[in-house]
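One structure is given here, and the rest of the page talks about it.
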């Protein structure tokens, strides 16, 4: 029998890496034709405490194209794949294709994951912050007004030292604790393997990166940190 585990809605840095492995593996299983979430190893930050691993999750080269008719509005394209119905982001009014990158970074101060993202044109020119906000899903503005945790701002990426758009992590631990409210919150392994999947299913709505219900069912087993680093 699993022993009781008091949980405050946060993750340790090591547990974050294990959760990252679970998300990456599950994403590949359910979405084999889409760009994968990849673990990017980085030098240890000088101001951070020593960890077994240092890095972040990356989902890049996500193509989005808006169509004006009702059958294609808010549909997304990943690379040159056909349109799918489980991810939306851009609503470009000039039918210009834009590319988005998403990074999930661990915050040692809040002890929760933080979503960073950026958009740019096919020629590599970055989109302005105001342009990105205009291209978010129509329902995103309502979510941003109603939920404090989705406060969106532009700040320096902690590893790349370049401006990226991010959703502030304030309040994340509180609603994650509520999200796992019930018997599963007392089982540490279950929480770790489901954490990023469940977190992204909520946070992704603000930027139109949707998680299918299939991904949340029968999550992959918890794996070791070394397996993340070694690929």
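The values are calculated or read from the model by the stated rules, or taken from the named source; none is laboratory data. Keep in mind the model is a prediction, meaning the values are calculated, not measured. Reconstructed Cβ throughout: ideal geometry from the backbone, glycine too, with neighbour counts over all protein chains shown.
Can you find a residue in the range 222-231 that is crowded, with 19+ Cβ neighbours inside 10 Å and either at pLDDT below 90 or within 12 Å of the chain's Cα centre (by Cα) (or both)? Looking for residues that are crowded, with 19+ Cβ neighbours inside 10 Å and either at pLDDT below 90 or within 12 Å of the chain's Cα centre (by Cα) (or both), one finds at least one in the range 222-231, hence yes.
Name, by its number, the condition in (1) under 18 Å from the mean Cα position of the chain (by Cα); (2) modelled with pLDDT under 50 that does not hold for residue 137. Exception for residue 137: condition (2).
Scanning the range 78-97 turns up at least one residue that is over 21 Å from the mean Cα position of the chain (by Cα), within 27 Å of residue 136 (Cα to Cα), at pLDDT 55 or above and assigned to a loop (DSSP other than H, G, I, E, B). Just checking, does the range 30-51 include any residue being at pLDDT 50 or above, crowded, with 20+ Cβ neighbours inside 10 Å, in contact with a helix residue (DSSP H, G or I) (Cβ under 6 Å, 6 or more places away or on another chain) and closer than 16 Å to residue 100 by Cβ? Yes, that holds for at least one residue.
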